[in-house]
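Step one of this worksheet: look at the structure below.
The values are calculated or read from the model by the stated rules, or taken from the named source; none is laboratory data. In this text the structure is predicted, and so the values were computed from the model without any measurement. Cβ placement follows ideal geometry from the backbone for every residue including glycine, while neighbour counts extend to all protein chains displayed. Just so you know, the surface numbers come from the protein's heavy atoms only, side chains and all, with ligands and any DNA or RNA stripped out. Shrake-Rupley method; radii C 1.70, N 1.55, O 1.52, S 1.80 Å.
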Amino acid sequence: MKNTRRPSDHHADQILHRFDLNPPDIDSCLSQVYAAFSGYRPRWDWCRQCFTVDEEARTRRAGDPRRASLESFGQIYFEHPNCSGGRDTFLHWLPRGLELTFLNFDHDYFPMEGAMRLGLWRWPRGEQDALRVVLQRRDELVQRWRSHAIRACDTRVEDRRG
């Protein structure tokens, strides 16, 4: 069948975007990411070849993604997203995963690899926009993570002394 659309009718989706030189503060950016992905709920039919029942149960007990520890759900980043309940599970945990791991090279967790496996470039515009804004605040996010890591180390040193 012949393509009846004229060349002027073709409209490619924009894939490259200019960064905002004055993005919102990091808390607003993170709130936007959490809001964009708040509709996703994890699925609990995980691959038994990749995850044990105990690993899945630990993630079930993690509770609210805004307060979950990385250890409670981070194992999903070591396997293909389909092995841990699929796209919905991955996107449910993505905001917290980014908040806790973004440029945190002390961990092997890197959620953006899974995001690429799930076709980030085809996600709804609102989700892409939220990620773009938070990634523009990477320096602030890294600084926040570093101060958290330093406090955690100081606490461990104090615990050993005490």
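Laid out as a table, the results:
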quantity	calculated
The stretch 107-157: number of residues that are among the β-branched types (V, I, T) and modelled with pLDDT of 70 or more	3
Residue that is nearest to the chain's Cα centre (by Cα), among those in the stretch 65-80 that are within 21 Å of A35 (Cβ to Cβ) and either open to solvent by 60 Å² or more (accessible area, probe 1.4 Å) or in contact (Cβ under 8 Å) with a residue 40 or more places away in the chain (or both)	R66
Condition check for S38: modelled with pLDDT of 90 or more, of a type in the set (S, T, N, Q) and in a helix (DSSP H, G or I)	no
Residue list for the stretch 35-64, restricted to those being under 10 Å from W93 (Cα atoms) and surrounded by fewer than 18 Cβ atoms within 10 Å (Cβ to Cβ)	S38, R41, D64
